[in-house]
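First up is the structure itself, then whatever we jot down about it.
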């Protein structure tokens, strides 16, 4: 049913690449990617994952070194079967880009009690650890729903 899954955050340099990498490990037969609602506006298109996100993921055996940030587009929204966003506010941001896909958008933290996953960008290592832990728990929950 959901074969093509897109993970979405703001800049596509911290949370969504981490979620993408974890879901790819857990669901190798699915097509999984990530993008950001504010990547272009932030000047992050084509940039690698944030160094702190890379280091946090590496500490857990996850490699983000090949990631390049990309802006969410209408075409992407239409192509993917399921769009998983990190915060409730991202639902509206994605809906502004592609109003017709509103029914395909869910929270990445849906199965953690509809929990937002806070943005650790430019925050402490503890903030990155906390975000990683939530993303890991959420991806495990999604794996059970999507396999």
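A few points about this structure:
- Filtered residues of the stretch 63-80 (kept if out of contact with any strand residue (DSSP E or B) (no Cβ under 7 Å at 6 or more places or on another chain) and either farther than 13 Å from residue 17 by Cα or surrounded by 21 or more Cβ atoms within 10 Å (Cβ to Cβ) (or both)): 64, 67, 73, 74, 75, 78
- Per-region count, the stretch 15-43, residues surrounded by 21 or more Cβ atoms within 10 Å (Cβ to Cβ), out of contact with any strand residue (DSSP E or B) (no Cβ under 6 Å at 6 or more places or on another chain) and farther than 20 Å from residue 138 by Cα: 1
- Tally, over the stretch 32-55, of residues that are closer than 21 Å to residue 107 by Cβ and in contact (Cβ under 8 Å) with a residue 40 or more places away in the chain: 5
- Elements of type helices (runs of 4 or more DSSP H) contained in the stretch 37-114, each with 1 or more residues being within 20 Å of residue 4 (Cβ to Cβ) and over 15 Å from the mean Cα position of the chain (by Cα): 74-79, 88-97
- Checking each residue in the stretch 113-131 for being buried (at least 16 other Cβ atoms within 10 Å of the Cβ) and either out of contact with any helix residue (DSSP H, G or I) (no Cβ under 7 Å at 6 or more places or on another chain) or over 17 Å from residue 59 (Cα atoms) (or both) picks out 115, 116, 117, 119, 121, 127, 130.
- The stretch 7-23 - residue that is out of contact with any helix residue (DSSP H, G or I) (no Cβ under 8 Å at 6 or more places or on another chain) and part of a helix (DSSP H, G or I) and, of those, nearest to residue 118 (Cα to Cα): 16
- Whichever residue in the stretch 88-106 is touching a helix residue (DSSP H, G or I) at 6+ places or on another chain (Cβ under 7 Å) and in contact (Cβ under 8 Å) with a residue 12 or more places away in the chain and, among such residues, is surrounded by the fewest Cβ atoms within 10 Å (Cβ to Cβ): 97
Read the figures in this text as sums done on the coordinates, not as results from a lab. All values derive from a computational prediction rather than experimental measurement. Ideal geometry is used to build each Cβ from the backbone, glycine not excepted, and the neighbour counts take in all protein chains shown.
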